[in-house]
1. Can you tell me which residue is surrounded by the most Cβ atoms within 10 Å (Cβ to Cβ) among those in the stretch 532-550 that are out of contact with any Ser or Thr (no Cβ under 9 Å at 6 or more places or on another chain) and more than 27 Å from LEU391 (Cα to Cα)?
2. Can you give me the number of residues within the stretch 213-246 that are open to solvent by 70 Å² or more (accessible area, probe 1.4 Å) and outside any strand (DSSP E or B)?
3. Within the stretch 278-291, track down each residue that is in contact with a Leu (Cβ under 8 Å, 6 or more places away or on another chain) and either modelled with pLDDT of 95 or more or among the acidic types (Asp, Glu) (or both).
4. From ILE190, ILE180, ILE199, grab the single residue that is at pLDDT 95 or above and part of a loop (DSSP other than H, G, I, E, B).
5. Right, LEU362: more than 22 Å from MET542 (Cα to Cα), without any contact (Cβ under 8 Å) to a residue 60 or more places away in the chain, open to solvent by 40 Å² or more (accessible area, probe 1.4 Å) and among the aliphatic types (A, V, I, L, M) or not?
6. Looking at the stretch 316-354, which of its residues are under 13 Å from LEU391 (Cα atoms) and under 26 Å from the mean Cα position of the chain (by Cα)?
7. Look at LYS330 and say whether it is in contact (Cβ under 8 Å) with a residue 24 or more places away in the chain, more than 21 Å from ASP405 (Cβ to Cβ), among the basic types (Lys, Arg) and open to solvent by 10 Å² or more (accessible area, probe 1.4 Å).
8. Do you know which residues across the stretch 524-542 are of a type in the set (A, V, I, L, M) and part of a helix (DSSP H, G or I)?
Amino acid sequence: GVNFYKAATAMRDLMIEIGMAVDGGKDSLSMATKVEHPDGKTELVKSPLELVISAYAPMPDITKVVTPDFKIGTHRILRIDLATGKRRLGGSALAQVYGQLGNETPDIDDPRLLLQGFKLVQRMVEGGLISACHDISDGGMISALMEMAFAGNCGFDCNVNTEKNSVAEELFAEEAGWLITFECKNEESILELLETNNIPFDIIGITTPIPIVRLNRVVRDKKELLLADSMPNWRSIWEETSFELDKLQCDETCASQEKINSYIRNYSPYWLSFEPKSWGHDISDKTIDEPKVAIVREEGSNGDREMASYFKTVGFDVYDVTMTDLVSGKTDLKEFRGVAFVGGFSYADVLDSAKGWAATILFNKKVKKVFDDFYNRPDTFSLGVCNGCQLSALLGWVPKKALKDEKKIRFIENDSKRFESRFSTVKIGRSPAIMLKEMADSVLGVWSAHGEGKFHADHEVMSYINRFDLAPIRYVDDDKHITEQYPFNPNGSYKGIAAVCDLSGRHLAMMPHPERTFLKWQWAYMPENWKQNLKASPWLKMLQNAYDWCKEK
């Protein structure tokens, strides 16, 4: 308790000195729970002494960021050393591996150096001088290097200076500092900034596009090879514990597939068949009679704000419509050109994927007529995403209305037996879908987040879908091949099917979330040349197509 108090007060004093605050937190001094054993005995289990801190900071420009992954090409790696040469191993991951605590732990000896170093890194980010940045203080320099290589699918060739410290101290000490990478053309500017502001640093190596990891020990200009191996080998060792846990948490076949498929990954498989454009007209002009779209949601839905923003960005006149509005008769769909069924967990998915939502429509004659009338109008379109995709299928809007209940397509439990949230890669095929006009053959990244997304249809319906190209979006692997392999295909859908449309092309239902990826900065990963050259996210094209279609009708 005394040491815990000392830690909290030390943290307080440091924050006061550098001018920051904690928004919230939780200590564990009073946390305990009683556990009852099968024999009837109870045991008081106390939480270990720990302090969990919640903090955040303002972000003036969310597009000016760097990620902690090595980028394609050869970049220099520089270490900013806020510990000024000290390499204390107390409390480190290395010490824990050997069942030790250590004698001396890392500390912030000079708070002003921490503050000055942080501000300087922000200036580098602001000026576009650095390509990657990673904190050293969680696992040490070796952990930071490896994580950056794993995430960037690259290798590195680095030197470990052991004139003052041992190899273990240099690699595993969890002292404060950062690893940054930069292109050679920015070296002069970066070194000038660091030297002018008296920030301790040293250039330790380079990144390599060839996925080989090399570490060299350097003493008085003499270089000795410490290790050299392929990055995928190290990554497989790193991930082994996670894969073993996955076997216990999800389908074991899927866990095994992910282990195999994650060993060697290609660089981005993305490809564009069109040029993404930002919207060409002034959407703030209120004199334009814009087509109206209803963003329809039910109890438990989410993503309605993102969907509304998606449609609003291209100029639609957007309305929030709840099922309560429709059931009560306060609202109908006569004035709307488009309907978007949003994602989420309608009725907490207690009745299975979207079945409760569908029942609200199908078993209420007045509401069913509202939706049937909207569907039958030739000037309307619909987009169902995730939970909304499941609803579109249950309503029979895709692939065709005439199907009997037992013939309707379904989206059933993922093969992995768990909820999957991933940035998946999909390929857009040729289809009558109006929203996918001119997008065929493009391979794009998109968010997927669902527990029941596996496409299911009987042979007759599948034949109909194939005959008329009504499955326009499919999951693909790193080689752009349609796949059922996990984790490229997050749910195991037959032939990678991720979306279905109707023959008219007016109605589209898809499991992935384009509304979470319609801005460039929303992508979990985007190739550097796309970041620099694309005027807009490729997914904006979907609703630009819908808008143009409405204007033409």
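The values are calculated or read from the model by the stated rules, or taken from the named source; none is laboratory data. Being a predicted model, the structure only gives us computed values, none of them experimental. Here Cβ is always computed from backbone atoms with ideal geometry, including for glycine, and neighbour counts include all displayed protein chains. SASA here: full protein model, heavy atoms, side chains in, ligands and nucleic acids out. Shrake-Rupley method; radii C 1.70, N 1.55, O 1.52, S 1.80 Å.
1. Here the residue is LEU534.
2. 8
3. Step one: of the stretch 278-291, the residues in contact with a Leu (Cβ under 8 Å, 6 or more places away or on another chain) are 278-279.
Within the stretch 278-291, none qualify.
4. Values: ILE190 fails: part of a loop (DSSP other than H, G, I, E, B); ILE180 fails: part of a loop (DSSP other than H, G, I, E, B).
Unique residue meeting the criteria: ILE199.
5. So LEU362 fits the description; yes.
6. ALA340, PHE341, VAL342, GLY343, GLY344, PHE345, SER346, TYR347, ASP349, ASP352, SER353, ALA354 - these are the residues of the stretch 316-354 that are under 13 Å from LEU391 (Cα atoms) and under 26 Å from the mean Cα position of the chain (by Cα).
7. Details: in contact (Cβ under 8 Å) with a residue 24 or more places away in the chain: no; more than 21 Å from ASP405 (Cβ to Cβ): yes; among the basic types (Lys, Arg): yes; open to solvent by 10 Å² or more (accessible area, probe 1.4 Å): yes.
Against the criterion (in contact (Cβ under 8 Å) with a residue 24 or more places away in the chain, more than 21 Å from ASP405 (Cβ to Cβ), among the basic types (Lys, Arg) and open to solvent by 10 Å² or more (accessible area, probe 1.4 Å)), LYS330 does not qualify.
8. In the first step, residues of the stretch 524-542 are kept if they are of a type in the set (A, V, I, L, M); the result is 524, 526, 534, 536, 540, 542.
Of everything in the stretch 524-542, those that are of a type in the set (A, V, I, L, M) and part of a helix (DSSP H, G or I) turn out to be LEU540, MET542.
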